[in-house]
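Enquirer: Take a look at the following structure, please.
The values are calculated or read from the model by the stated rules, or taken from the named source; none is laboratory data. Fair warning: this is a prediction, and the values are worked out from it, not measured in the lab. Cβ sites come from the backbone with ideal geometry, for glycine too, and all protein chains shown count toward neighbours.
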Amino acid sequence: MMKREGIGNGNIIFHTLLMVVLLFAASVTGVFFRFIGFPETNIVIIYILSVLMTAWLTDGFIFGVFSSLLATFLFNYFFTEPYLTFSVDDPSYSITFIIMTITALITSTITSHAKQSALIAKQKEEETKSVYSLTTLLTEAKDILDIAGITVKAISGCFYCQAACLCFDEKGAPDKYFIQHTQDKRLVKRALEEKDIGQRMGRLPSGFYAGAEFYDWPIQSRKNLFGLIRIPREDAKKMSEAQIRLLRAMIESSALAMDRFRAAEQRIKFREETVQERYRGNLLRAISHDLRTPLSGIMGTSEMIMDMTGQDDPCYSLAFDIHKDADWLHSMVENILSLTRLQEGRLILNRQMEAVEEVIAGAVDHIAKRSPEHEINVSAPDEFLLVPMDAKLVKQVLINLLDNAIKHTLPSQEISVSVEKDEKKQAVVFSVRDRGSGIAKEDLPNIFQMFYTSQARHPDAKQGVGLGLSICDAIIKAHGGNIEANNRIDGSGAEFIFTLPLEVESDGQLQ
């Protein structure tokens with residue numbers, strides 16, 4: 001345990017009395033030596049011994065200096081002729097006084113420095129022991145809150161104060177308190193009022209924050225802020241430099257322990273997510289492969305029935321509905337397979353110079369067969385545009401975007417596809433717009449996330465599994481482009497815009 005340093009008024013009086021007693025004892029001993037006939041050199045040595053003991057037994061360099069000067073004056077007063085005066089008849093005594101004073105000062109200085117070095121060594125030993133003890137306890141901690149509790153207990157006991165620890169979560173918000181040996185409600189009340197405490201401590205890369213009631217020391221690593229150690233102001237102001245140095249060392253040990261624990265948590269979480277993704281990918285791939293064959297048979301059989309019957313026959317409409325639903329399921333299965341290939345890195349882009357109009361026409365024809373009741377307007381420039389792309393994948397992107405528009409748009413509402421060349425960005429810009437219900441504000445940040453589905457849809461729309469837009473995002477980014485979703489400026493409907501670069505680098509990668 002480290003005690004507070006400093007010399008109080010009581011210590012000054014005690015050390016002064018000790019110096020006087022030692023000099024008085026030296027004077028009495030000197031009188032005795034003169035009485036029995038010892039030479040004056042022995043008396044000088046006795047005074048130097050008293051100065052040495054004063055420097056050793058008192059705190060501070062000043063007592064040794066005063067003791068040296070007083071010893072010289074006392075020797076002059078009691079043991080040089082004329083006695084009991086400060087006058088000197090023999091000039092040779094001046095040399096004796098100078099040598100005696102210098103010897104006493106050097107002896108006092110060396111003793112004080114040795115004592116100070118011993119004190120510093122002792123403090124460092126105590127610091128090392130305290131940090132080692134704390135580190136040993138931290139290795140047995142179960143979680144970050146346990147680390148905080150151990151740290152608070154060690155700091156409170158080491159500095160004789162009522163410390164507390166405020167832990168932050170991964171977002172930098174206050175989490176929980178650990179208050180050791182106190183029920184001081186101020187600690188909780190003040191922190192709850194300080195909403196920006198995490199941001200404030202994040203701006204303190206070193207040092208501490210001196211508040212009106214508490215001093216706060218951040219517990220942080222290079223990247224993360226884990227919390228802060230809070231000590232009442234009256235206790236913190238009394239701490240010496242050595243104690244502050246020890247406090248920082250203990251806080252650093254706590255920060256290292258918290259950093260290791262959080263890193264271990266993240267590794268465990270990452271492994272769990274990896275395993276879950278692998279299981280989910282395997283399951284999706286297995287289901288998709290098993291569904292492709294029967295769906296192809298259903299679609300082929302329904303087409304045969306439609307070819308064998310007239311449009312006014314009830315069997316035709318029944319076969320048409322079967323083919324439509326089977327085609328929708330087949331499209332979803334293809335999306336799932338594309339997704340698993342993208343996640344595993346097995347989807348290789350076959351970039352070729354393709355005509356933009358042909359790719360759009362193929363996507364629109366596919367959607368027209370599936371939903372003939374919707375009319376899709378196409379707008380393209382007069383210029384013949386050739387873009388390096390994987391036509392099959394870009395067509396799938398357009399199909400997914402148009403299918404998404406159909407889900408949220410009534411047959412009487414407008415759906416349009418447009419393409420234009422952006423000379424400034426050296427890219428081709430595709431846009432798919434509708435006049436449907438638009439995109440809810442809460443859906444916009446998550447719309448391209450995997451398995452995310454919007455709740456805003458009209459009753460007749462089919463419920464998807466949230467893969468179409470995430471696959472579009474992956475395919476466009478694989479081409480080196482960008483995709484975004486917005487509500488239209490006039491507030492009616494949504495628009496999806498994606499870009500494809502016009503140039504290819506020499507190594508075959510798109511710019």
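Enquirer: Please enumerate the residues belonging to the range 398-448 that are among the basic types (Lys, Arg) and surrounded by 15 or more Cβ atoms within 10 Å (Cβ to Cβ).
Expert: Lys407, Lys421, Arg433, Arg435
Enquirer: While we're on this one: Looking only at residues in the range 1-27 that are surrounded by fewer than 12 Cβ atoms within 10 Å (Cβ to Cβ) and at pLDDT 80 or above, which one is nearest to the chain's Cα centre (by Cα)?
Expert: Among those residues, the one meeting the criterion is Ile13.
Enquirer: Looking at the structure I just gave you, is Lys441 closer than 27 Å to Arg370 by Cα and modelled with pLDDT under 85?
Expert: no
Enquirer: Among the candidates Ile497, Ile489, which residue alone is modelled with pLDDT of 80 or more and either in contact with a strand residue (DSSP E or B) (Cβ under 7 Å, 6 or more places away or on another chain) or surrounded by 15 or more Cβ atoms within 10 Å (Cβ to Cβ) (or both)?
Expert: Only one candidate qualifies: Ile497.
Enquirer: Another question about this same structure. Looking at the range 390-398, is at least one residue outside any helix (DSSP H, G or I) and within 20 Å of Ile476 (Cβ to Cβ)?
Expert: Looking for residues that are outside any helix (DSSP H, G or I) and within 20 Å of Ile476 (Cβ to Cβ), one finds at least one in the range 390-398, hence yes.
Enquirer: Quick one: in the range 335-364, of everything that is of a type in the set (Asp, Glu) and at pLDDT 75 or above, which residue is surrounded by the fewest Cβ atoms within 10 Å (Cβ to Cβ)?
Expert: Glu358
Enquirer: Let me ask something else about it. Answer yes or no: is there a residue in the range 193-201 that is at pLDDT 60 or above and not in a helix (DSSP H, G or I).
Expert: no
Enquirer: Do we have Ser253 as under 18 Å from Gln162 (Cα atoms) and not hydrophobic (A, V, I, L, M, F, W, C) here?
Expert: no
Enquirer: Among the residues of the range 264-273, are any at pLDDT 50 or above and closer than 30 Å to Leu119 by Cβ?
Expert: Scanning the range 264-273 turns up no residue that is at pLDDT 50 or above and closer than 30 Å to Leu119 by Cβ.
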